[in-house]
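Peer 1: The following block contains the structure, expressed as structure tokens.
The values are calculated or read from the model by the stated rules, or taken from the named source; none is laboratory data. Source: prediction; values computed, not measured. Cβ coordinates were reconstructed from backbone atoms using ideal geometry, including for glycine residues, and neighbour counts include every protein chain displayed. Surface accessibility is based on the protein's heavy atoms, side chains included, excluding ligands, DNA and RNA. Shrake-Rupley method; radii C 1.70, N 1.55, O 1.52, S 1.80 Å.
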Amino acid sequence: MLDPQRHQAGHDTAYSAWAETHVQTFSVAYRYDVAFTRDAFDPENPLLVDIIRRIEPDKRHRLAVFIDEGLTFALPKLVPRIARYIAHHGRSMDLVGDIVVVPGGEAVKNDHGHVERMLADLVARRIDRHSYVVAIGGGAVLDAVGFACALFHRGCRHIRFPATVLAQDDSGVGVKNAINAYGQKNLLGTFAPPFAVINDSALLDALPLREKRAGLSEAVKVALIRDGAFFDWMEANADAIAAFEPNAVDRTIRRSAELHMRQIALGGDPFEMGSARPLDFGHWAAHKLEVLTRHDLRHGEAVAVGIALDTRYSVLAGLLPAGTDERVLALLKRLGLPVWSDALDLLDMHGCRRVTAGLNDFREHLGGELTVTLLAGVGRGVEVHEIDPHLVDGAIRWLKKRA
Ligand SMILES: NC(=O)c1ccc[n+]([C@@H]2O[C@H](COP(=O)([O-])OP(=O)(O)OC[C@H]3O[C@@H](n4cnc5c(N)ncnc54)[C@H](O)[C@@H]3O)[C@@H](O)[C@H]2O)c1
Ligand SMILES: [Zn+2]
């Protein structure tokens, strides 16, 4: 008979009357570099080759490259330029096979055939766990290639070149990937930190204005929950940011990326094991609005509406001083972002606003109790576990008047 009392703190073996359990614990330190540059594929720019040579500097490293089709239309000389860069650094890098063009936007995440073809491309190129898989594109392409990379050989070295404002200031610098499945966005995916991220401002030159603007909302979001001084700076420089003056946009992207990275490194839950989604301020409504508008609203646009809604809600809930809502709305508008969507007014068969179903989706995604980030001040996010539908209704009516 095992002694039920013998389980002591610090012991790696636990006993009960029923079992002897060996407790296995270890931790893994992750490191990846997020670099900011301009014109990474100028043969004289050493950044990529230096990153590739970080491990085994004298080896000739094998590379597979995937690129977003939208980017190849916008920058037609990019593919040959990448090939020339790799050839120029041929002592350290070997491009295996052609550069693979993959569809951009949600299309690449919706049809699993694309990820399967990527995996077949990796097999054909005999990519191994020490080879590099480079992805250049918007958040959707990075998500899909990142997913393929995480599966292949249980994970190979992955270098990202985010090509939209949103991917550079938020999604591309993080640790998640996903594809859509069974009618649900991001249902299949992994937490897989990249080998490195290169934010190349030249990739944004040909990005359509609407896409550029959409990515700014994530910077407003992270400023509101984490960094009041950054929010003040964005307010003071709103015209320059809205005009996409290079210095202003550069600073916005860098600070936003830095704040997102800090949350992952220091927030205590990089792989989202708990119930909170601390960076997802404004997102419970945003995700639902994307679906309700059949993706007419870009993710960043939906986030802007979600931020406006949750800021007003924070005031109505007594968490945030009145007036801050007007201030946040004014900045979003000056940045050319929407603060209203007609989808907020859609009702279900019971007369309830359809957007509020987003709260349940939000809770279900993590599986724990509902946790929503609201504002207690500019730069101060707070978590709450209950949302009052009457206050949501009041916030929506307030927004409609200001749309
Ligand atoms: N993994 C994460 O943590 C995370 C976080 C937030 C969002 N996301 C995902 O990111 C996706 C949205 O990404 P997005 O906003 O970057 O847009 P996107 O990837 O959907 O791209 C939008 C469009 O722009 C094109 N494009 C991309 N870069 C371009 C460029 N430089 N010039 C011209 N056209 C270009 C694409 O081909 C596409 O048609 C969503 O699928 C979302 O779920 C992931
Ligand atoms: Zn987002």
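Peer 1: I'd like the carbon and sulfur percentage of the solvent accessible area for the chain, probe radius 1.4 Å, heavy atoms only, ligands and nucleic acids excluded.
Peer 2: Of the solvent-accessible surface of the chain, carbon and sulfur hold 51 percent.
Peer 1: On to the next question. First select every other residue whose beta carbon is under 11 angstrom from the beta carbon of Arg84; then total the charges, Lys and Arg +1, Asp and Glu -1.
Peer 2: Neighbour charge sum, excluding Arg84 itself: +1.
Peer 1: Among Tyr85, Ala14, Ile55, whose Cα lies farthest out toward the positive end of the dipole of the stretch 2-108, if unit charges sit on the beta carbon of Lys, Arg (+1) and Asp, Glu (-1)?
Peer 2: Comparing the listed Cα positions along the dipole, Tyr85 ranks first.
Peer 1: Dipole of the chain, Cα-centred, from +1 at each Lys and Arg C-beta and -1 at each Asp and Glu C-beta, to the nearest 20 debye?
Peer 2: Rounded to the nearest 20 debye, it is 600 debye.
Peer 1: Continuing with the same structure: Tally Lys and Arg at +1 and Asp and Glu at -1 over the other residues with C-beta under 14 Å from the C-beta of Val134: what net charge comes out?
Peer 2: 0
Peer 1: For a quick check of understanding: with a 1.4 angstrom probe and all protein chains in place, what accessible area in square angstrom does Trp233 have, to the nearest ten?
Peer 2: The accessible area of Trp233 comes to roughly 50 Å².
Peer 1: I would also like to ask the following. Calculate the dipole size of the stretch 151-293 relative to its Cα centre from +1 charges on Lys and Arg beta carbons and -1 charges on Asp and Glu beta carbons; express the result in debye to the nearest 20.
Peer 2: 520 debye
Peer 1: Could you sort Trp18, Trp284 by accessible area so the largest value comes first, with the probe set to 1.4 Å?
Peer 2: My answer, sorted largest first, is Trp18, Trp284.
Peer 1: At a probe radius of 1.4 Å, what is the per-residue accessible area of Phe362, in Å² to the nearest 10?
Peer 2: About 10 Å², rounded to the nearest 10.
Peer 1: Turning to a different aspect of this structure: Could you give me D for the stretch 26-104, from Stokes-Einstein at 4 °C and 1.567 mPa s, where the hydrodynamic radius is the Kirkwood radius over C-alpha pairs? Units µm² s⁻¹, please.
Peer 2: D = 92 µm²/s.
Peer 1: Put +1 on the Cβ of each Lys and Arg and -1 on the Cβ of each Asp and Glu in the chain; which of Val145, Ala317, Ala376 then has its Cα farthest toward the positive end of the dipole?
Peer 2: Val145
Peer 1: Over the stretch 278-403, give the accessible area per residue in Å² for a 1.4 Å probe, as an integer.
Peer 2: Each residue of the stretch 278-403 exposes 44 Å² on average to a 1.4 Å probe.
Peer 1: Out of the DSSP beta bridges found with both residues in the chain, what percent are antiparallel (nearest 5)?
Peer 2: Around 35 percent of the beta bridges assigned by DSSP in the chain are antiparallel ones.
Peer 1: So, by mean Cβ neighbours within 10 angstrom, what's the order for 244-251, 375-382, 310-317 with the highest one leading?
Peer 2: Going by the mean number of other Cβ atoms within 10 Å, highest first, we get 310-317, 375-382, 244-251.
Peer 1: Taking the Cα centre of each part, how many Å lie between the stretch 128-179 and the stretch 336-403?
Peer 2: Centre-to-centre distance over Cα atoms comes out at 30 Å.
Peer 1: With no solvent and one equal point scatterer placed on each C-alpha of the stretch 318-403, evaluate the Debye formula and give log10 I(q)/I(0) for q = 0.19, 0.20, 0.21 Å⁻¹, two decimals.
Peer 2: With one equal scatterer per Cα and no solvent, log10 I(q)/I(0) is -1.10, -1.19, -1.27.
Peer 1: For the stretch 68-138, with equal point scatterers placed on the C-alpha atoms only and solvent neglected, what are the log10 I(q)/I(0) values from the Debye formula at q = 0.14, 0.16, 0.18, 0.25 1/Å, to two decimals?
Peer 2: -0.49, -0.64, -0.81, -1.27
Peer 1: OK, next. Please list the equivalent ellipsoid semi-axes of the stretch 244-374, computed as the square roots of five times the alpha-carbon gyration tensor eigenvalues, in descending order and whole angstrom.
Peer 2: Working through the eigenvalues yields semi-axes of 24, 21, 15 Å.
Peer 1: Also, quick follow-up: Considering only the stretch 1-124, what is the antiparallel percent among its DSSP beta bridges, to the nearest 5?
Peer 2: 35 percent
Peer 1: Another one. Write down the accessible area per residue of the stretch 124-200 in Å², having rolled a 1.4 Å probe over the full set of protein chains.
Peer 2: Each residue of the stretch 124-200 exposes 32 Å² on average to a 1.4 Å probe.
Peer 1: Right, another one. Using the alpha-carbon centroid of each, what span in Å lies between the stretch 36-91 and the stretch 268-297?
Peer 2: 33 Å
Peer 1: Which order do the peptides 265-272, 352-359 come out in when sorted by mean C-beta neighbours inside 10 angstrom, highest first?
Peer 2: So the order, starting with the most tightly packed, is 352-359, 265-272.
Peer 1: Of Met261, Met349, which has the most accessible area with a 1.4 Å probe, and how do the rest follow in descending order?
Peer 2: Solvent-accessible surface, decreasing: Met349, Met261.
Peer 1: Please report the orientation-averaged projected area of the chain, defined via the convex hull of its C-alpha atoms, in nm².
Peer 2: 23.9 nm²
Peer 1: Given a 1.4 Å probe and the protein chains all in place, what does the accessible area of Thr371 round to, in Å² to the nearest 10?
Peer 2: Approximately 10 Å² for this residue.
Peer 1: Here is a further query. At a 1.4 Å probe radius, which order do His283, His88, His299 fall into by accessible area, largest first?
Peer 2: Highest to lowest solvent-accessible surface, that is His88, His299, His283.
Peer 1: Sticking with this one: Quick check of the Kirkwood formula: for the stretch 51-97, what is the inverse mean of 1/r over all pairs of different Cα atoms, in Å?
Peer 2: The answer is 11.6 Å.
Peer 1: Kindly provide the Kirkwood hydrodynamic radius of the stretch 92-208 in Å, to one decimal, from all pairs of distinct alpha carbon atoms.
Peer 2: The answer is 14.2 Å.
Peer 1: If you don't mind, another one. For the stretch 142-228, divide the Cα radius of gyration by the Kirkwood radius and give the resulting Rg/Rh value with two decimals.
Peer 2: 1.01
Peer 1: Order of 33-46, 219-232 by packing, highest average Cβ count within 10 Å first?
Peer 2: 219-232, 33-46
Peer 1: Contact order normalised by length for the chain, with contacts defined as Cα pairs under 8 Å and 6 or more residues apart; what percent is it?
Peer 2: 13 percent
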